[in-house]
Amino acid sequence: MRLSILAGLVGLTLILSNSVLAEGAGVPYPEGYRNWFHVKTMLIQSGHPLENPFQGIHHIYANSNALEGLKTGAYQEDSVLVFDLLKYLEKDQTIQEGDRKLVGIMHKNTKRYSSTGGWGFEGFAGNSRTERLVNDGGVSCFACHSPEQKTDYVFSKIRK
Ligand code: HEC
């Protein structure tokens, strides 16, 4: 009798911790981000240390919650930053946007993502809103962002 209660409790604990993990993994797709504030754009060419997987033209967008953080370096809850990565093609002495490679996201939720600096990291493949690319809970993304502690792990700076 005692044993079955214990087994039940262990089972319940497992179910609870699994649901917390599942929730933690689910950084939402940033619907409408193309209407958000455009922070900056960069072209990463072949031979750059970030070439794999970030070679291409990326545009960075911030939602309204993230605007204050871009100025102060301290981001409020539900700040979202998007790294919109496109292929590029060189044509007639120009460099033009190609197909989308991925949409990278940082979503601030201090409690839910406490192990990765309070940010949920996720990537969606190409134009997909469901095909997720991050399978380590954002640990490898955060590893590279972690030196930017002074600006809440965000690299991009706002400009006029
Ligand atoms: C090897 C280093 C490195 C890794 C790994 C990395 N990033 Fe970044 N990330 C950067 C750099 C550098 C920038 C700034 C780019 C710029 O200035 O345009 C950046 C910018 C960003 C931004 C825009 C906000 C900011 O910090 O400027 C987002 C969103 C982002 N990364 C998401 C991710 C996600 C999601 C992952 C994991 C899939 C990831 N990053 C992995 C280096 C990295």
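Nothing in this text is a laboratory measurement; each read-out follows from the coordinates by a stated rule. Note that the structure is a prediction, hence the values are computed from the model and not measured. Virtual Cβ from ideal backbone geometry, glycine too; neighbours counted across all protein chains shown.
Given the pairs LYS71/LYS111; LYS40/LYS71; LYS40/LYS87, which are separated by over 20 angstrom at their Cα positions? Before the final figure, lay out each step's value.
On the way: LYS71/LYS111 23 Å; LYS40/LYS71 14 Å; LYS40/LYS87 17 Å.
Among LYS71/LYS111; LYS40/LYS71; LYS40/LYS87, the Cα-Cα distance tops 20 Å for LYS71/LYS111.
Excluding TYR75 itself, what net charge comes from residues whose Cβ is under 10 Å from its Cβ, given Lys and Arg +1 and Asp and Glu -1? Could the numbers behind the result be given before it?
Working: positive: LYS108; negative: GLU68, GLU77, ASP78, ASP152.
Net charge around TYR75: -3.
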Report task. Treat each spin label as a single point 7 Å out from the Cα along the C-beta direction, and report the GLN149 to ARG34 distance in nm. Result -> 4.0
Query raised in the report: Can you sort ARG34, ARG112, ARG159 so the residue with the fewest Cβ neighbours within 10 Å comes first?
Result: ARG159, ARG34, ARG112
Query raised in the report: How much length is gained if the chain between ARG159 and LEU43 is pulled fully straight, taking 0.36 nm per residue apart and subtracting their Cα-Cα distance, in nm to one decimal?
Result: 40.0 nm
Query - For PHE155, net neighbour charge (Lys/Arg +1, Asp/Glu -1) across residues whose Cβ lies under 13 Å away - result: +1
